[in-house]
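Undergrad: First the structure, then my questions, so here it is.
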Amino acid sequence: RPLVSTPSEAKRLGRPIVYVQGNIHAGEVEGKDALLALLRDLTFSSKPNVLDSIVLIAVPIYNADGNERFAAQSVNRTEQNGPELVGVRSNAQNLDLNRDYVKAEAPETRASLAMFNTWDPDVFVDLHTTDGSFHGYALTYSPSLSPAAVFGGVYARDSLLPVLRARMRTRHGFEVFDYGNFISDEPSARTDTSVREGWATYDARPRFGTNYYGIRGRIGILSEAYSHDSLARRIASTYAFVNETLSLVAEKGAAIRSLTARADNQPLAWGRSPDSLQIVAIRSELIATPQKMDVIREDLEKTGDSSLTQPGVPRGERRTGRFRTIRMPVYDRFTSTLDRTPPAAYVMAPEDTAVATLLRLHGIRVDRSDSAWTARGEAFLIDSIVTAPRTFQGHHEVRLKGRWERGLQTLPSKSFIVSTAQPRGALVVYLLEPESDDGFTTWNLFDGDLKKGGRFPVTRIFDLSRRGRAANRRTSAPTTQPVQN
């Protein structure tokens, strides 16, 4: 209110832009139902509501192909408590779309990245259903977990989600908590006696949408309804969570818009000196010293009859409806294990057009040089190449080990130049660093140029001054258009 139809109209309102999507995993159905119901209630209401203070972009069914592949819940979502028919997790290419945000191989992902670049939402909310441990929460949530998400990730964790947790309890009667599972429920923990009782969150890498969005300098929030609840309760808890999120964003609109501006302007200082204090975490692990918190757990009991089963319950056991609050370590955040100081820019060979195209799809500016030139910089020498023996999403993931060597770098004409002094500078570092845990190296984009003892095909340079660039000419990236599925 007023209705907008273009990004420029939305920007002129000066309000936070919130993007909410459901059904990226199409068997996890309550997100689409809750979002459609909320859209109906907000748009048909004659009373003032959040649409007077924010711009809302809603995609109830992100994975349309998976949504249409209906089958019995007992086949497509074995641990979920209904409904009778649901879609499947993957898209028509058999890709998990919530593992595709870095490599961007699916048309859905490419269209989504194009939308991110044009509409630039301040907040991204992704609606899911968890099918793990038996706990006492109607919904669990997570901010962007990557330590590289220094703006939106920290703000969501410390300023938004604690308020949402309190409001869900007091206003709606729903207990919610940080996303995770009991460590004792993990198969490895059952035989590893060194693993203590605890609650642990999921992966921090940007292949996951909300983690990726945090590294773009924005706020990402994951919502996970409780798969063992009834469908009606899952829809109700998701509806309440999204509604409260929109309300809180409206309340904190000025602060959130300011955070967006700071995230975009902060990288302008990067790359001026190799001794800069600005760093980007490109590898991470769960914190070793978690805080202890009260976590609600449901007791299961033995039935003595392995033929009696409930959806998602181990054979021979049943739910009791009895809940206990247990004080235990909560592993809800990650710490960096490898930091990198951004150079002034990364430089790639003229033939790396596919990499340049993908960078531009991520909303990153890529320039080219007119002539051969030299600059102070460093090259990465590869000591070892570790290739995963099993495929994941059609890829054998790659990890490199090696060392950077400084010196004067000779760079050919038509080289691709990727400055880190741009709004998505942290993402530039994460995608192009050879030792990143989820960059372009991971997803095989440089495989043809990798050999032990060889030189990595991306060079760091420290100086983009006029003298260092000589006769180079910079060109802007072309406008990105959505890809039609």
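Undergrad: Report, to the nearest whole %, how much of the accessible area of the chain belongs to carbon and sulfur atoms, 1.4 Å probe, protein only.
TA: Taking all protein chains in place, the chain shows 50 percent carbon and sulfur surface.
Undergrad: Next question. By how many degrees, 0 to 90 and rounded to 10, does the Cα axis of helix 107-119 deviate from the longest principal axis of the chain?
TA: Value to nearest ten degrees: 70.
Undergrad: Calculated FRET efficiency, Ala64 and Glu351, Cβ-Cβ r, R0 35 Å, to nearest 0.05?
TA: My answer for the efficiency is 0.45.
Undergrad: Send over a whole-number figure in Å² for the accessible area per residue of the chain, probe 1.4 Å.
TA: For the chain, the per-residue accessible area is 42 Å².
Undergrad: What spacing in nm lies between the two simple spin-label points modelled at Arg324 and Ala288, each 7 Å away from Cα in the Cβ direction?
TA: Placing both labels 7 Å beyond Cα along the Cβ direction yields 3.0 nm.
Undergrad: Here is a follow-up. Using the Cα centre of the stretch 1-73 as the reference point, and only Cβ charges (+1 on K/R, -1 on D/E), how large is the resulting charge dipole? Debye, rounded to the nearest 20.
TA: That gives the stretch 1-73 a dipole magnitude of about 380 debye.
Undergrad: Could I ask something else about it? If you project the alpha carbons of the stretch 383-427 onto the principal axes, what extent comes out on each, in Å, largest first?
TA: That works out to 37, 28, 21 Å along the principal axes.
Undergrad: Under the classification rounded if a/c is under 1.5, otherwise prolate if a/b is larger than b/c and oblate if not, where does the chain fall, given a ≥ b ≥ c as square roots of the Cα gyration tensor eigenvalues?
TA: prolate
Undergrad: Taking the Cα atoms of the stretch 1-77 alone, what are Rg (to one decimal) and Dmax (as a whole number) in Å?
TA: Cα only, the stretch 1-77: 15.4, 48 Å (Rg, Dmax).
Undergrad: As a test of the formula, what do you get for the chain when each DSSP H run with n ≥ 4 contributes -39,500 (n - 2.57) and the sum is divided by the residue count, at 222 nm and rounded to the nearest 500 deg cm²/dmol?
TA: Using -39500 (n - 2.57) per qualifying helix, the result is -7000 deg cm²/dmol.
Undergrad: Moving on. Work out how far the C-alpha atoms of the stretch 222-268 reach from end to end along every principal axis, then list the three figures in whole Å, largest first.
TA: Per principal axis, max minus min of the Cα coordinates gives 49, 22, 7 Å.
Undergrad: Using a cut-off of 19 Å between alpha-carbon atoms, which aspartates and glutamates can reach Lys292, once sequence neighbours fewer than 8 places away in the same chain are excluded?
TA: List returned: Asp158, Glu175, Asp178, Asp185, Glu197, Asp332.
Undergrad: Could you work out how far helix 231-251 tilts from the main Cα principal axis of the chain, as a 0 to 90 degree angle to the nearest 10?
TA: 50 degrees
Undergrad: Can you list residues from other chains, or at least 5 along the same chain, whose modelled amide H is less than 5 Å from the amide H of Ile57?
TA: It is Val18, Tyr19, Val20, by chain and number.
Undergrad: Taking H as built 1.01 Å from N, whose amide H comes closer than 5 Å to the amide H of Glu79, not counting residues under 5 places away?
TA: Answer set, sorted by chain and number: none.
Undergrad: Take peptides 358-366, 218-226, 334-342 and line them up by average Cβ neighbours within 10 Å, highest first, as a rough protection proxy.
TA: In decreasing order of mean packing, 358-366, 218-226, 334-342 become 218-226, 358-366, 334-342.
Undergrad: Taking only the alpha carbons of the stretch 87-192, what extent do you get along each of the three principal axes, in Å, biggest first?
TA: Principal extents (Cα only, largest first): 37, 37, 30 Å.
Undergrad: On alpha-carbon atoms, Rg over Rh for the stretch 4-151 using Kirkwood Rh?
TA: Computed over Cα atoms, the ratio is 0.98.
Undergrad: Would you tell me the accessible area of Phe182, worked out with a 1.4 angstrom probe on the heavy atoms of the protein chains, in Å² to the nearest 10?
TA: Result for Phe182: roughly 0 Å² accessible.
Undergrad: How many Å³ per residue does the convex hull of the Cα positions in the stretch 272-392 occupy?
TA: Enclosed volume per residue, from the Cα hull, is 271 Å³.
Undergrad: I'd like the distance between the alpha-carbon centres of the stretch 298-358 and the stretch 109-160, rounded to an integer number of Å.
TA: Between the Cα centre of the stretch 298-358 and that of the stretch 109-160, the gap is 14 Å.
Undergrad: To make sure I understand the rule: partners must be lysines, Cα under 18 Å from the Cα of Lys451, and not fewer than 8 residues away in the same chain. Which ones qualify?
TA: Hits, sequence-local ones excluded: Lys401.
Undergrad: Would you compute the Debye intensity of the stretch 313-374 from its alpha-carbon atoms alone, equal scatterers and no solvent, and pass along log10 I(q)/I(0) at q = 0.12, 0.13, 0.14, 0.20 Å⁻¹ to two decimals?
TA: The Cα Debye sum returns log10 ratios of -0.63, -0.66, -0.70, -1.05.
Undergrad: On C-alpha positions alone, give me the angle between the axis of helix 30-44 and the longest principal axis of the chain, in degrees, nearest 10.
TA: 90 degrees
The values are calculated or read from the model by the stated rules, or taken from the named source; none is laboratory data. A quick note: this is a predicted structure, and the numbers were derived from the prediction, not measured. FYI the Cβ positions are ideal-geometry reconstructions off the backbone, even for glycines, and counts take in every protein chain you see. Surface accessibility is based on the protein's heavy atoms, side chains included, excluding ligands, DNA and RNA. Shrake-Rupley method; radii C 1.70, N 1.55, O 1.52, S 1.80 Å.
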